[in-house]
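Below: the structure, in structure tokens.
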Amino acid sequence: AAPAPLGVERVPTGDPAVDEKLARLGDADHLPADGHLDVYEDVHRGLRDALTALDVRPGPGQAAPRPGPSPSYDHRS
């Protein structure tokens, strides 16, 4: 039998990067099971990147992180 969509509704999150990756899950609906892994890995990578970006950008009411001091080098003569 041909692959059939599961019909799982995807509700937008409001974050374009996350919504794009969640929409990508729909690509698995049209693939045989052995093609799902590539889609799932791509989605996982994208969602992980979106979460990592949250650690970098300031949230509401937070100041942007200050750059740290320059690397210390031992300048002995």
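Just so you know, all these numbers are worked out from the coordinates, no wet-lab data involved. Treat the numbers as computed from the prediction; the structure is a model and nothing was measured.
Tabulated data for the structure shown
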{"quantity": "Full-extension gain in nm, residue 10 to residue 50, via 0.36 nm per residue minus C-alpha separation", "calculated": "12.6 nm"}
{"quantity": "Value of relative contact order over the stretch 16-56, rounded to a whole percent, pairs C-alpha under 8 Å and six or more apart", "calculated": "51"}
{"quantity": "The stretch 16-56: translational diffusion in µm²/s, Stokes-Einstein, Kirkwood Rh over Cα pairs, 25 °C, 0.890 mPa s", "calculated": "232"}
